Amino acid sequence: MKKILIIAVIIFMIPTIVLAAQIDLSVDNTSLSIDETTRINVSVNGSVDGGQIGIVGLENFDIVGQQSSQSLQMINGKTTQIQKKEIIVKPKQSGSFDITALARDNGKEISSKSITINVQKSLIDVTKDKLLQNDQQQAMMQGDESNNADNKDVINTQKSSGNFDEDLLKKSQIDQKSSSEDDASATTENEDNQALQVKQLENFPKVEHISPFNTMFWIEFVGIILGLTLIVAGLYWIIKKVK
């Protein structure tokens, strides 16, 4: 009797061992951009505690949609429970993320193989990054040129500062000498101008203006009239006498 009971227990245990739950994980697209979505598929053959299925690494994605289904499948006269779960996700950021499906079978944790999803930046983000890198490179180049120019100015200032007092003294002496020469030249020029004006005044021809009311003018005028009168009278007398 005991042997029969032991055999019965073993017979009942075999299906349990054979029908241990298995969990599988698959992803439709493991390489996508941050603007794209992908489907995560989880399949469990056998019953799991509470029918709960978890996915580690899902925190790096936003869940866009999901659905679950359960079914019973008869294989070789044995009934197997099949549970499926589909989740549509969208990446939150770019990078490489590992996901793994987890469940518990009679208190024992079972897991699927890990799958890595590679998320690339969008074309807009890539373009922005390139523009930002170009701007940074140009800013660095301009900064280097500015620093080089500042260094040259400092060197030139240091070179010229040593001779500053001497150059300033020489310049002052030259300015004073030039000013003295200019003053002397101006004085000489003024004296020459004054002497020339005096000489021009001395050599300027004197013009005597004859006034119509001058006495000598009237005497000469009267004499001419009288002379002309005498000539006319003489001519008249001669003509008359000839006749």
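The table for this structure:
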| item | result |
| --- | --- |
| Virtual spin-label span in nm between S122 and E145, 7 Å along Cα→Cβ | 3.5 nm |
| Residue order, fewest to most surrounding Cβ atoms within 10 angstrom, among V222, V126, V119 | V222, V126, V119 |
| 3J(HN,Hα) from dihedral phi, segment 53-62, Karplus parametrisation 6.51/-1.76/1.60, rounded to Hz, x for glycine, proline | 10, x, 10, 7, x, 6, 5, 8, 9, 9 |
| Radius 13 Å from Cβ of I110, net charge of other residues (Lys, Arg +1; Asp, Glu -1) | -1 |
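Here, each number is a calculation from the coordinates, and none is a lab measurement. Nothing here was measured: the structure is a model prediction, and the numbers come from that model. Positions of Cβ are backbone-derived with ideal geometry, glycine not excepted, and every protein chain shown enters the neighbour counts.
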